[in-house]
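Worksheet: one structure, shown below.
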Amino acid sequence: MKRVVILGRGGSGKSTLAVKLREITRLPVIELDKVFWHQGLAATPRDEWIKTQQKLVEEERWIMDGDLGPYDAVEVRLQAADTIILLDFSFARCAWCALRRGHERVDFWRWLVAYRWRSRPVLMEAIAKHAPSAEVYVIRNPKALTWLVAKLGKK
């Protein structure tokens with residue numbers, strides 16, 4: 001486990017998991033939201049985002065935390081990943097966490113609501129196509145996440 005991609009709906013705990021995995025693995029974390037979004041929450045253009053990710057994946061070891069929904073070009077980091085973790089928690093859980101975190105834009109809430117039937121199928125297809133040899137964990141509840149963290153901590 002040297003190149004980890006963490007995906008999931010907004011508010012699912014991707015960044016929190018990345019910090020826990022960093023503590024276990026000592027892998028550096030790349031928080032993609034901080035790389036992708038510019039001042040005023042302006043999105044990085046797709047071509048530029050692909051080039052940026054191509055540079056990021058050149059590193060030998062990393063955890064990439066982020067799911068940018070319809071703005072993303074996830075195939076770049078999937079191709080380089082050896083481990084993929086998809087946090088597939090319920091809408092209610094993620095919405096509650098997002099509300100507690102602070103104010104979000106309307107496009108964030110649209111993505112959050114439509115995630116299960118729009119973004120998730122696209123991600124699953126992309127994982128199958130671009131990361132066929134990666135170890136994939138689809139985590140659907142906090143108990144499963146606790147199990148995964150404990151398992152990885154024993155390796």
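We did not get these values from a lab; they are worked out from the coordinates using the rules stated. Just so we're clear, the structure is a prediction, and the values are computed from it rather than from any experiment. Ideal geometry is used to build each Cβ from the backbone, glycine not excepted, and the neighbour counts take in all protein chains shown.
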* Structure fact -> From the option list Ala81, Ala95, single residue qualifying as among the small types (Gly, Ala, Ser), touching a helix residue (DSSP H, G or I) at 6+ places or on another chain (Cβ under 7 Å) and in contact (Cβ under 8 Å) with a residue 24 or more places away in the chain is Ala95
* Asked: Among the residues of the range 30-49, which ones are β-branched (Val, Ile, Thr) and surrounded by fewer than 18 Cβ atoms within 10 Å (Cβ to Cβ)?
  -> Val35
* Asked: Considering only residues of the range 50-78 that are closer than 21 Å to Leu112 by Cβ and hydrophobic (A, V, I, L, M, F, W, C), which is surrounded by the most Cβ atoms within 10 Å (Cβ to Cβ)?
  -> Met64
* To do: Would you check which residues across the range 68-78 are over 19 Å from Pro28 (Cβ atoms) and of a type outside the set (A, V, I, L, M, F, W, C) and list them?
  => Gly69, Pro70, Tyr71, Asp72, Glu75
* Asked: Of all the residues that make up the range 80-103, how many are surrounded by fewer than 16 Cβ atoms within 10 Å (Cβ to Cβ) and more than 19 Å from Arg140 (Cβ to Cβ)?
  -> 6
